[in-house]
Amino acid sequence: MSETIRPRRSVLYMPASNARAIEKAKTLPADAVIFDLEDAVAPDAKVSARDQACAAVQAGGFGHSEVVIRVNGLGTEWSADDLRAVAVAEPDAVLLPKVERAGHIRTACNLLPEHSRLWCMIETPLGVLNMDAIAAASPRVRCLVMGTSDLSADLNARVGPGREALLTSLSMCVLTARAHGITALDGVHLDLEDDQGFEAACAQGRDLGFDGKTLIHPRQIGPANRAFAPDDADIEEAQVIVDAFAQAEAEGKGMVVVNGKLIENLHVVAARRLLALADAISVRETEGARS
C-alpha cells in the first residue's frame, strides 16, 4: 500500500523531556521531528516527557513537519502507557524501537487506533533478518528506520567512514521498503564535528535508495535536505522523459529514445515520482518561507 508522496529527507530526533527543544521544533525546516520518550529520556522523567510530548502534538503548530513520537520498547514498564497516551494524542506516526518480529506490530496495533501509522526501528540483527515479516505485518507499517548505532554494537562491528560493515543491513532495509511501498530512513551520524563525513553518509544513503536520514542536531537538517532532494538536472531529465513518452504514446509509438537511451514505462514511473517529490518539496519550502 503506497501513500501520497511526502518528503522525509530530514527526520530529527528531539528529547521529549526538553520543553525548549519541542518549542524549537516548530521553527525548524525538518521534514519530520521525532519526540523521543526512549533513549533520550532518563527513567525518572519518562512520565513527564510522555505528557509533554502528547500535549505538544495536540496543541500543534509544527507546520508541514510530520510529528512522530518514539515510545519506549515493548515489554518495558512504560510501553503500554506510552501507546495508550499516543493513541489519544494522535501524532502523524508512532515510532516503535527495537522491532524484531511481526508480533511486536500486532501488540502495538492492539493499543492504537486503526488509522495509526507505525514506523519501525530496525536496530538488532534479528530485526534485520525479520524485516520482510515486520513490514508485512500490518498496512499500518509505513516506514522502516535504521538504528545503526545499536546495530553496530550488536554486530561487534567496526564502522568506518564507508560503513562497509552495515551495507548489507542498509540495503536489506531499502529492498524491504521498496517491496512493500513504504519509506526507508537511514541511521544517524553521531559526530557533530564531522561535517564532511556527514555529507558523505547522506550521499551514500541517497545512492543506496534511502528516502532520507535521521538526525541528532538541527545543524544537520540543511545538508540532509539538500542531499535527499532531486537537483535541477534530475528534475530537467525527469521532465524530458515524461514529455517524450507522452508524445510517443500520442503518436502510437511503443517506445522512445531520450539522449540515446531507450525509455521504458519503468523509467517514466520513476520520473513521475521524482517530479512529484520535487513538487512536494517546493510546496513545503515555499509555504514554510511565508510562515
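Can you give the Kirkwood hydrodynamic radius for the chain, in Å, rounded to one decimal and based on Cα pairs? Display every interim value, and only then the final one.
On the way: mean 1/r = 0.0501 Å⁻¹.
Computed over Cα pairs of the chain, the Kirkwood hydrodynamic radius comes out at 20.0 Å.
For Lys26, the lysines whose Cα falls under 21 Å of its own Cα, not counting residues fewer than eight places away in the same chain, are Lys213. Reported to the nearest whole Å, the Cα centre-to-centre distance from region 9-66 to region 79-93 is 13.
Ignoring aspartates and glutamates fewer than eight residues from Lys46 along the same chain, the ones with Cα atoms less than 17 angstrom from its Cα are Asp36, Glu38, Glu77, Asp81, Asp82. Against the chain, whose longest principal axis is taken from its Cα atoms, helix 167-180 shows a tilt of about 80°. Estimated at 0.36 nm per residue, the fully extended path between Glu164 and Glu114 surpasses their Cα-Cα distance by 14.1 nm.
May I ask you to derive the relative contact order of region 232-290, considering only C-alpha pairs under 8 Å and at least 6 residues apart, and to give it as an integer percent? Present the calculation step by step, with values, prior to reporting the outcome.
Details: 36 pairs, mean separation 21.6, N = 59.
The normalised contact order for region 232-290 reaches 37 percent.
DSSP beta bridges confined to the chain are antiparallel in about 10 percent of cases.
What is region 10-227's relative contact order, in percent, from Cα pairs under 8 angstrom and six or more apart in sequence? Please report the intermediate quantities before stating the final value.
Details: 411 pairs, mean separation 38.3, N = 218.
Taking the mean separation of contacting Cα pairs over the length of region 10-227, I get 18 percent.
Available extension along the chain between Leu126 and Asp195 is 21.7 nm, counting 0.36 nm per residue and deducting the alpha carbon span. Label positions at Arg106 and Ala233, each projected 7 Å from the Cα along the C-beta direction, are separated by 5.0 nm. Phi angles of region 73-87 translate, via the Karplus equation with coefficients 6.51, -1.76, 1.60 and θ = phi - 60°, into HN-Hα couplings of x, 4, x, 7, 5, 9, 4, 4, 5, 4, 5, 5, 5, 5, 4 Hz per residue; Gly and Pro are given as x. Take the Cα of Lys24, go 7 Å toward its beta carbon, and none of the backbone nitrogen atoms of region 60-104 fall under 12 Å from that spot.
Taking each DSSP H run with n ≥ 4 as -39500 (n - 2.57) and averaging over every residue of the chain yields -14500 deg cm²/dmol at 222 nm.
Straight-line cross-link reach from Lys261 at under 18 Å between alpha-carbon atoms covers these lysines, not counting any fewer than eight positions away in the same chain: Lys253. Using the Cβ-Cβ distance between Arg219 and Ser282 with R0 = 22 Å, the FRET efficiency computed as 1/(1 + (r/R0)^6) comes to roughly 0.40.
Subtract the Cα-Cα distance of Ala55 and Val257 from 0.36 nm times their separation in residues, and report this length gain in nm to one decimal.
Values: separation 202, 0.36 × 202 = 72.72 nm, distance 5.49 nm.
Contour length minus the Cα-Cα distance gives 67.2 nm.
Coordinate-derived values only; no laboratory data. Just so it is clear, the model here is predicted, and its values are computed rather than measured. Cβ atoms come from the backbone with ideal geometry, glycine included; neighbour counts cover every protein chain shown.
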